[in-house]
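Take a look at the structure set out below.
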2 protein chains.
Amino acid sequence: MPIHKEKPVLDCPFRETLDVLEGKWKFAIIHSLLHHGTLRFKNLERDVAGITSRMLIKELKLLQVHGIVLRRPYPTVPPTVEYSLTECGRSLEPVIEAIQAWGVQNRAALAAKIN
Amino acid sequence: MPIHKEKPVLDCPFRETLDVLEGKWKFAIIHSLLHHGTLRFKNLERDVAGITSRMLIKELKLLQVHGIVLRRPYPTVPPTVEYSLTECGRSLEPVIEAIQAWGVQNRAALAAKIN
DNA sequence: CCGCATCCAACAAGATACTG
DNA sequence: CAGTATCTTGTTGGATGCGG
């Protein structure tokens, strides 16, 4: 059990957003869900290259709590669970797109420097 | 000394960008430098609320290596060092702006839900 | 003032094996 | 398939002290 720790809770929308999206995987998860719409747990795990099921579960739970991800379990055998973005989650699209665009642009800039 | 570990180096501009910006402080540092243009080390440390000088140095070094931050030391006594964004660093402005915008919008959405 | 080094505790993340 | 449990490793970050 982690010790309770007072977070100063900066009154700053920028830092609040960073708190919600902190960690190594959240951007990648949101990116994948934006692209695919809805994914089952296993497919999401395959799409987010390198993640383990342990971390995926953890991150998905946090994203659920913040109202960014929606979890839909079906009472089938074997179990089926689908994950998708909420409307709030989809409103992160400009952020994801900006990161994607910078990645493409930056890669081009690096390639140009070599020549 | 950390053991050297092969990174699979995903051929994906999005994940490459995440690698460059990973960690707890890089977005906040870039945000501050975008806002202020140029800052001395001490002022940057004050502006990035909560960071320690140890972490600030670490993050700045990584950002330098990736060509995002420029370090300008002056041979004065006591020493003066100014940090600013390179052109490549300034090209991250859309990313920072998108995060900022989402923070503002999301805070408004949360406030609306309470009423 | 700027930056680095060391020791150390707390936590995040990885690997692996396992259950309903 | 979806999710858990446990063990191990790595990173974060505080405290402190030192050198240019």
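The values are calculated or read from the model by the stated rules, or taken from the named source; none is laboratory data. Just so we're clear, the structure is a prediction, and the values are computed from it rather than from any experiment. Reconstructed Cβ throughout: ideal geometry from the backbone, glycine too, with neighbour counts over all protein chains shown. Calculation scope for accessible area: heavy atoms of the full protein, side chains included, ligands and nucleic acids excluded. Shrake-Rupley method; radii C 1.70, N 1.55, O 1.52, S 1.80 Å.
Which residue is most open to solvent (accessible area, probe 1.4 Å), if the candidates are limited to the range A:17-56 and must be among the aliphatic types (A, V, I, L, M) and assigned to a loop (DSSP other than H, G, I, E, B)?
Restricting to residues being among the aliphatic types (A, V, I, L, M) and assigned to a loop (DSSP other than H, G, I, E, B), the top hit is A:ALA49.
If you scan the range B:65-89, which residues turn out to be exposed (fewer than 15 other Cβ atoms within 10 Å of the Cβ), more than 9 Å from DNA strand D (Cβ to nearest atom), away from chain A (no Cβ under 11 Å) and not hydroxyl-bearing (Ser, Thr, Tyr)?
Of everything in the range B:65-89, those that are exposed (fewer than 15 other Cβ atoms within 10 Å of the Cβ), more than 9 Å from DNA strand D (Cβ to nearest atom), away from chain A (no Cβ under 11 Å) and not hydroxyl-bearing (Ser, Thr, Tyr) turn out to be B:VAL65, B:ARG71, B:ARG72, B:PRO73, B:PRO75.
Could you grab me the full set of residues in the range A:43-78 that are more than 10 Å from DNA strand C (Cβ to nearest atom) and charged (D, E, K, R)?
Of everything in the range A:43-78, those that are more than 10 Å from DNA strand C (Cβ to nearest atom) and charged (D, E, K, R) turn out to be A:GLU45, A:ARG46, A:ASP47, A:LYS61, A:ARG71, A:ARG72.
Taking the range A:57-115 only, how many residues are without any contact (Cβ under 8 Å) to a residue 24 or more places away in the chain, aliphatic (A, V, I, L, M) and not in a helix (DSSP H, G or I)?
2
Return the pair list, or none, for Cβ contacts closer than 8 Å from residues in the range A:34-54 that are without any contact (Cβ under 8 Å) to a residue 24 or more places away in the chain and at negative phi to residues that are within 15 Å of DNA strand C (Cβ to nearest atom) and among the aromatic types (Phe, Trp, Tyr), at least 6 apart or on different chains.
Sorted first by the residue in the range A:34-54, then by its partner, the pairs are A:VAL48/A:TRP25; A:SER53/A:PHE41.
Kindly indicate whether A:TRP25 is closer than 20 Å to B:LEU10 by Cβ, touching a residue at least 24 places away in the same chain (Cβ under 8 Å) and aromatic (Phe, Trp, Tyr). Give the steps one after another, and end with the answer.
Details: closer than 20 Å to B:LEU10 by Cβ: yes; touching a residue at least 24 places away in the same chain (Cβ under 8 Å): yes; aromatic (Phe, Trp, Tyr): yes.
Yes: the conditions hold for A:TRP25.
Among residues belonging to the range A:6-42 that are within 13 Å of DNA strand C (Cβ to nearest atom) and of a type in the set (Gly, Ala, Ser), point out the one that is nearest to the other protein chains (Cβ to nearest Cβ).
Here the residue is A:ALA28.
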